[in-house]
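Trainee: Got a structure for you, written out below as structure tokens; questions coming shortly.
What follows draws every value from the coordinates through simple rules; no lab data is involved. Note that this is a predicted model, so its numbers are computed, not measured. Neighbour counts are summed over all protein chains in view; Cβ atoms, including those assigned to glycine, are modelled from backbone coordinates with ideal geometry.
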Amino acid sequence: MKNILLVMILCCAAIFAVAAKDEPAAADKIRELEEQDKKLSAEMFKVRMELIKKDPALFKLHKQIIALHKELALKIDSKKEMRILLSKSADISKQIEELKAPAVREKSK
């Protein structure tokens with residue numbers, strides 16, 4: 001029984017050792033794929049915008065969607081709960097800017 005346990009522990013250690021060797025290669029591959037995905041997403045956005053500009057039907061639909069989105073945002077922002085959150089957000093942004101201002105002045109000296 002002890003021998004079986006020892007063999008299992010050694011097998012697990014060997015597996016972890018092999019996995020540790022593969023980690024840098026896997027991490028590099030992940031970074032490479034993420035970079036490809038980022039570039040592809042940017043290209044897809046560019047093509048979408050070109051298609052919207054070229055196709056009158058898509059352009060019209062896009063304008064309608066944007067108008068509805070603006071209307072929705074205005075209606076949501078007019079609700080009491082959202083006004084409270086927007087006010088808090090503005091306060092936080094103001095505090096951040098106030099804290100950054102002395103740092104900017106110090107850097108310019």
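Trainee: Would you mind computing, in nm to one decimal, how far apart the modelled labels at Lys29 and His62 are, each placed 7 Å from Cα along Cα→Cβ?
Mentor: Those two pseudo-labels are separated by 3.8 nm.
Trainee: Can you work out the Karplus-derived ³J(HN,Hα) for every residue in the stretch 64-72? Use 6.51 cos²θ - 1.76 cosθ + 1.60 with θ = phi - 60°, whole Hz, and x for glycine or proline.
Mentor: 5, 5, 4, 4, 5, 5, 4, 4, 4
Trainee: Which of the trypsin sites (Lys or Arg not before Pro) across the stretch 61-106 are loop residues per DSSP, with 13 or fewer other Cβ within 10 Å?
Mentor: Loop-located and lightly packed - Lys79.
Trainee: Does the stretch 38-94 come out rounded, prolate or oblate, given a ≥ b ≥ c as the square roots of the eigenvalues of its C-alpha gyration tensor, rounded meaning a/c under 1.5 and, failing that, prolate meaning a/b above b/c?
Mentor: oblate
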